[in-house]
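The values are calculated or read from the model by the stated rules, or taken from the named source; none is laboratory data. Quick caveat, the model's predicted, so the values are computed rather than measured. Cβ placement follows ideal geometry from the backbone for every residue including glycine, while neighbour counts extend to all protein chains displayed.
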2 protein chains.
Amino acid sequence: MKVIRSREEILSFSNKCDKEIGIVPTMGNLHDGHLKLVEASLLNNEVTIVTIFVNPKQFGPNEDFQKYPRTLDDDISRISSLEELLKNKDNELIIFAPSSVEEVYPANFNTVISVKGLDNTLCGLNRPGHFDGVCTVVYQLFSLTKAKRAYFGLKDFQQTLIIRKLVKDLLLPVDIHLIDIIRDEDGLALSSRNKYLNVDERLQALTLPKRIKNLEQLVKESGISEAMKKTKIYNKESNVDYFHILDSSNLSPVSNDTCEVVIAGAMRFGNTRLIDNTLVKINA
Amino acid sequence: MKVIRSREEILSFSNKCDKEIGIVPTMGNLHDGHLKLVEASLLNNEVTIVTIFVNPKQFGPNEDFQKYPRTLDDDISRISSLEELLKNKDNELIIFAPSSVEEVYPANFNTVISVKGLDNTLCGLNRPGHFDGVCTVVYQLFSLTKAKRAYFGLKDFQQTLIIRKLVKDLLLPVDIHLIDIIRDEDGLALSSRNKYLNVDERLQALTLPKRIKNLEQLVKESGISEAMKKTKIYNKESNVDYFHILDSSNLSPVSNDTCEVVIAGAMRFGNTRLIDNTLVKINA
């Protein structure tokens, strides 16, 4: 399996490549959720490029950029275990793991891409600039790889919405494919940040998926307004960043036009911030 | 000559077109400076698309978006006079004049592209958000036309620098060509905004190119520090927005590494703000 470390090499590859390329952008420390994305790409593309890049632009000054887990050797071996899924011998599975930040953002790089309007709620509020960093790196990775399809996990629901808007607004020639959240047996959504949790915190963290599940039941059985009341109670707790129920098409408050809601939550356990969500169709 | 008015039609054209496309982005009210850009494109491209679009995103709330001169019929006839320059009968000269803002920015368009670091001086200071609007529209026009080459006038020097940075940072597949300032016989740089000037103001406006010329002579004959002293005197006047002498490669203060300076000025005559500049090579 080819591992590409430089900007020059990925550009040389993608410029020459005449096959359809699927990209799976990741920050590494891969878990089964990431691998599902890779599997989906392998099914649909002759070439799959998994990118592994801890993007400094999407971390705030007080966030975990420095300590974000970097496990390239493990990541490479996890991805290479999927090579057996290549559908024929001409297909390729490639890792693009830039050896430094400059391989993605060369010296003096100074352009920011922002999708407005979708970032003033949920994670956007507590992480100013985060989604500008996401949009900018996603744009760069699309340009460098010339991908035709891109695979993202629904755990970062707000991110998937913003990236779809980015692609639509800028007419990017990339189809976005969204893949369901993968959970541990006890219900906790897989996340590279789960590694930060100690045993007690790992146990407490189950509160997050349980509450999402409770809110889902409330929406289905008692209606949105009952579920909203519950979020207000949750939102008073000190380790809760937010629980919100919003129109899943645009993150606006639920209205008569809403066909589907996203129930989204973010909580802190020790120093670790985790997010989770689920989508619920509602009947008009 | 084909005049395209809708997003759908320009996309359908550019998606099918297998020839190299040159784009000349304008806001209309064309003068000989614009026509020079069109001529340059006709020489180098099988297809030239002149875009005519008064871009609301690059105007501040108190600027002249509403009254900016819109003269589409005149513009069309001026451009069609250049058809005789088409080098062979398969070549094409096309106007893309979106019939509304939505043809460039569809409903809910909400993405902003910003090049940082070059917009905190000269026109960027007095026109906050202006260059974000320029970058965003230029990006859109490049996407809609799929141009391979783009032609810009050096009168908006800061703009040309920002667009070149945009193209470099985002790896846009467009070559940027810069064309010299065209002046009236008395020295005033051509600008669509010259139309706003009454007879007195038109006379006063010559101060701008004269000062640029004076500063150029000072740089050449007495050195940069003498010229800088002069800009300080000019900058005290109430109708002067700025006179600056900066490194032309990055708009930083002149340093030992500077090979070329830009002498740039902006002044107001009545309600009309005009800009001008010149480039001067300096010997290390």
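Which of (1) surrounded by 16 or more Cβ atoms within 10 Å (Cβ to Cβ); (2) over 30 Å from residue A:43 (Cβ atoms) is the odd one out, the single condition residue A:189 does not satisfy?
Condition not satisfied by residue A:189: (2).
Residues to consider are A:226, A:185, A:221, A:260; find the one that is free of Cβ contacts under 8 Å to residues at least 60 places away in the same chain, touching a helix residue (DSSP H, G or I) at 6+ places or on another chain (Cβ under 7 Å) and not basic (Lys, Arg).
None of the other options fit; the residue is A:226.
Residue pairs, Cβ under 7 Å, 6 or more apart or interchain, first in region A:230-253 and touching a residue at least 24 places away in the same chain (Cβ under 8 Å) and on the phi > 0 side of the Ramachandran plot, second surrounded by 18 or more Cβ atoms within 10 Å (Cβ to Cβ) and in a helix (DSSP H, G or I). List them.
Once the first residue is touching a residue at least 24 places away in the same chain (Cβ under 8 Å) and on the phi > 0 side of the Ramachandran plot and sits in region A:230-253, its partners that are surrounded by 18 or more Cβ atoms within 10 Å (Cβ to Cβ) and in a helix (DSSP H, G or I) give A:251/A:158; A:251/A:161.
So which residues in region A:15-59 are touching an Asp or Glu at 6+ places or on another chain (Cβ under 6 Å) and of a type outside the set (A, V, I, L, M, F, W, C), if there are any at all?
Within region A:15-59, A:19, A:20, A:28, A:45, A:46 meet the criteria.
Checking residue A:125 against (1) under 30 Å from residue B:139 (Cα atoms); (2) modelled with pLDDT of 95 or more, only one condition comes out false. Which one?
(2)
Just wondering, is there one or more residues in region A:69-76 that are closer than 23 Å to residue A:21 by Cβ, among the hydroxyl-bearing types (Ser, Thr, Tyr), surrounded by fewer than 16 Cβ atoms within 10 Å (Cβ to Cβ) and in contact (Cβ under 8 Å) with a residue 12 or more places away in the chain?
No: region A:69-76 contains no residue that is closer than 23 Å to residue A:21 by Cβ, among the hydroxyl-bearing types (Ser, Thr, Tyr), surrounded by fewer than 16 Cβ atoms within 10 Å (Cβ to Cβ) and in contact (Cβ under 8 Å) with a residue 12 or more places away in the chain.
Given the conditions (1) farther than 30 Å from residue A:126 by Cα; (2) surrounded by 19 or more Cβ atoms within 10 Å (Cβ to Cβ); (3) touching a residue at least 60 places away in the same chain (Cβ under 8 Å), report the number of the one that residue A:15 does not fulfil.
(2)
Please specify each residue of region A:197-206 satisfying the condition of being in a helix (DSSP H, G or I), in contact (Cβ under 8 Å) with a residue 60 or more places away in the chain and not charged (D, E, K, R).
Scanning region A:197-206 gives a single hit, A:204.
Hey, among the residues in region B:211-259 that are assigned to a helix (DSSP H, G or I) and of a type in the set (Asp, Glu), which one's surrounded by the fewest Cβ atoms within 10 Å (Cβ to Cβ)?
Among those that are assigned to a helix (DSSP H, G or I) and of a type in the set (Asp, Glu), it is B:221.
Can you confirm whether region B:56-66 contains a residue that is at pLDDT 95 or above and within 14 Å of another protein chain (Cβ to nearest Cβ)?
So far as region B:56-66 goes, yes, one or more of its residues are at pLDDT 95 or above and within 14 Å of another protein chain (Cβ to nearest Cβ).
Can you name every one of the helices (runs of 4 or more DSSP H) wholly within region A:1-81 that holds 3 or more residues which are over 20 Å from the mean Cα position of the chain (by Cα)?
Filter on region A:1-81 gives A:7-16, A:72-80.
Any idea which residue in region B:95-107 is farthest from the other protein chains (Cβ to nearest Cβ), counting only those that are among the β-branched types (Val, Ile, Thr) and either buried (at least 20 other Cβ atoms within 10 Å of the Cβ) or on the phi > 0 side of the Ramachandran plot (or both)?
Here the answer is B:95.
Just one of (1) touching a helix residue (DSSP H, G or I) at 6+ places or on another chain (Cβ under 9 Å); (2) at positive phi trips up residue B:265, so point out which.
It fails just one condition, (2).
For region B:108-196, which fully contained strands (runs of 3 or more DSSP E) count at least 2 residues that are more than 10 Å from every other protein chain (Cβ to nearest Cβ) and in contact with an Asp or Glu (Cβ under 8 Å, 6 or more places away or on another chain)?
Counting at least 2 such residues, we get B:149-153.
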